[in-house]
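Peer 1: So that we are looking at the same thing, I have put the structure below in structure tokens.
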Amino acid sequence: MAEVVAANNIKIGMVVSEPVVNSFGQILISSGVEISEQHIKLLKMWNISCISIRTTDSEELEELTEEMINMGLERLTKRLMWQPRNANEKDLIDLGIISAVNIIARK
């Protein structure tokens with residue numbers, strides 16, 4: 001999981017969950033990077049107001065059970081109006097299932 005943190009609340013050691021980009025779309029800090037003093041200066045220089053940080057209290061699902069996958073697939077297929085035609089679309093469906101399972105697990 002991730003939470004959006006204001007630039008003035010960012011601390012050294014936090015881990016970026018989504019790439020930080022400038023107004024030109026250039027990546028300033030990649031996802032998974034641990035924040036350092038240089039990163040904080042960079043954010044101030046580019047006037048970045050907030051970034052997405054990984055939270056330590058969040059629990060990722062380690063293993064998806066068959067029942068969870070079926071529930072996620074059922075939830076996703078109710079919203080989709082198309083069938084995957086290639087490997088990329090199949091991967092997109094798989095990501096959607098994982099996202100649906102995470103939503104179900106939070107309830």
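The values are calculated or read from the model by the stated rules, or taken from the named source; none is laboratory data. Since the structure is predicted, the reported quantities are computational estimates derived from the model, not experimental observations. When we count neighbours, we look across all protein chains shown, and the Cβ atoms used for this are built from the backbone with ideal geometry, even at glycine.
Peer 1: Quick check: anything in region 77-95 in contact (Cβ under 8 Å) with a residue 24 or more places away in the chain and surrounded by 10 or more Cβ atoms within 10 Å (Cβ to Cβ)?
Peer 2: So far as region 77-95 goes, no, none of its residues is in contact (Cβ under 8 Å) with a residue 24 or more places away in the chain and surrounded by 10 or more Cβ atoms within 10 Å (Cβ to Cβ).
Peer 1: If you scan region 36-47, which residues turn out to be touching a Leu at 6+ places or on another chain (Cβ under 9 Å) and assigned to a loop (DSSP other than H, G, I, E, B)?
Peer 2: Across region 36-47, the qualifying residue is only TRP46.
Peer 1: Could you say which residue among SER52, SER31, SER17 is within 21 Å of ALA105 (Cα to Cα), of a type outside the set (A, V, I, L, M) and in contact with a strand residue (DSSP E or B) (Cβ under 6 Å, 6 or more places away or on another chain)?
Peer 2: When all the criteria are applied, what remains is SER17.
Peer 1: Is there a residue being surrounded by fewer than 16 Cβ atoms within 10 Å (Cβ to Cβ) and at pLDDT below 85 anywhere in region 32-55?
Peer 2: Yes, there is a match, as at least one residue in region 32-55 is surrounded by fewer than 16 Cβ atoms within 10 Å (Cβ to Cβ) and at pLDDT below 85.
Peer 1: Quick one: is GLY13 under 15 Å from the mean Cα position of the chain (by Cα) and at positive phi?
Peer 2: no
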